[in-house]
Ligand code: 5GP
């Protein structure tokens, strides 16, 4: 990759400018592995490439779900340990989400059993300060030190939780428990959305704890390295094997298994309503096929369509659009083994039902559904804050 001057060096990565693009940086992940705030260090040849692959694949998944991150491109090719990112002012915090008790949480709370499920998930902030071993910091101190505003702390907690839920869904598909996760945030320095909070830094096999089959002894993450006093070449090779395994598994996360929603209108008079439904389905990125086939006037055509669609699409849902008591829904229900919904309520509700059903097998759709729900919740909270806002002094009540 064409690189400009080096602007920063971390324990496991180097940042360069990108000539001619002041708002873009190159992040190169290195072969270093370290623990104990750098007290233990080793080199695993090829780790930088695996880390870049893992990071790029995770960020691509988050971007597909609609979460804002600094990731632009690169990092996924086999011989490439570099990716392009949007330049950020980093917020000096590590944001940790925990779904299961482990690590420093258990050390700080001896009464808490390792492996205990944490409901709701826990979000903790640690100040990035190697000399003081990245101490835990509470939201009041973050604000008092001018590190982030209360609104930013709220946004970071929400985005961190959603990131955890998305990655947890993806890992679950591999029969693996995501125990905890560390992410970092930055504010975009320029370009469109300057100042916007985005997920930044890297998310790789050093950033989480993952337990296949929920068994700690099968762990695949950096804890393998932390647990060693001194790493022999054989042990480093074993750790590299785990990192390779993880990069491969993460490679299959973002692959959308495109579902198809077949919208069947019970006559031409329902085409207008189906237009609104198709628009709502498109908000989730769900593809659709549409047909008009009347259960009363062309029942044979309805059955023929079902057979054709069932034979064509691997992951198919039907939505019948018509009168609540029309025979179309029952016809479809009896003719196909795929799920059938009837269009009732708002188009957004029906689209959400379809998205949730297909999200069971598709982490991108799962993430989009989660974000859609979060956004509609925050619209309600904002409206609530709006109606209770103080009346400006000069305004008159109508
Ligand atoms: P703990 O606080 O239990 O040690 O760590 C919680 C989570 O954050 C774990 O998934 C751990 O891997 C991650 N984590 C904690 N500190 C760091 C760090 O300095 N770098 C990275 N990459 N991950 C960290």
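Coordinate-derived values only; no laboratory data. Remember, it's a predicted structure, so these values are computed and weren't measured experimentally. As a convention, Cβ positions derive from the backbone with ideal geometry for all residues, glycine included, and neighbour counts pool all protein chains shown.
Some observations on this one:
- The simple spin-label model puts a point 7 Å past each Cα toward its Cβ; for residue 276 and residue 78 those points are separated by 5.2 nm.
- For the chain, the longest principal axis of the C-alpha atoms and the axis of helix 47-65 are separated by about 30°.
- Expressed to the nearest 5 percent, the antiparallel share of DSSP beta bridges inside the chain is 75 percent.
- Cβ-derived FRET efficiency at R0 22 Å, residue 226 paired with residue 90, nearest 0.05: 0.40
- Values of log10 I(q)/I(0) for region 60-202 across q = 0.09, 0.11 Å⁻¹ run -0.31, -0.46, by the Debye formula with one identical scatterer at each alpha carbon and no solvent.
- Evaluated on region 318-383, the Kirkwood hydrodynamic radius is 13.4 Å, with distances taken between all distinct Cα atoms.
- For residue 214 and residue 269, the difference between the fully extended length at 0.36 nm per residue and the C-alpha to C-alpha distance is 14.5 nm.
- Residue of 193, 80, 63 that the Gaussian network model of the chain assigns the largest fluctuation, springs spanning Cα pairs under 10 Å: 193
- Seen from a random direction on average, the alpha-carbon convex hull of region 1-144 projects onto 11.2 square nanometres.
- The value of relative contact order for region 6-251, using C-alpha pairs under 8 Å at least six residues apart, is 19 percent.
- Springs between Cα atoms under 10 Å define the GNM used for the chain, and in it the highest mean-square fluctuation of 344, 378, 273 occurs at 378.
- Estimated from helical segments only, the mean residue ellipticity of the chain at 222 nm is -12000 deg cm²/dmol, where each DSSP H run of four or more residues counts as -39500 (n - 2.57).
- Max mean-square fluctuation residue, GNM over the chain, Cα-Cα springs under 10 Å, options 191, 74, 48: 191
- Spatial offset of region 214-260 relative to region 140-188 amounts to 21 Å, using the alpha carbon center of each.
- Region 260-360 shape via C-alpha gyration tensor axes, a/c threshold 1.5: oblate
- Using every pair of separate Cα atoms, the Kirkwood estimate puts the hydrodynamic radius of the chain at 23.8 angstrom.
- Cα-based shape type of region 147-267, given that a ≥ b ≥ c are square roots of the gyration tensor eigenvalues and the cut on a/c is 1.5: oblate
- Extension gain from residue 379 to residue 114, taking 0.36 nm per residue of separation minus the Cα-Cα distance: 91.7 nm
- Residue separation of residue 323 and residue 172 scaled by 0.36 nm, minus their Cα-Cα distance, works out to 50.4 nm of gained length.
- C-alpha long axis of helix 150-172 to longest principal axis of the chain, angle in °: 70
- Working from the Cα coordinates of region 84-131, the gyration tensor eigenvalues give, after taking √(5λ), semi-axes of 27, 14, 8 Å in decreasing order.
- In degrees, nearest ten, helix 363-387 long axis to first principal axis of the chain (Cα): 90
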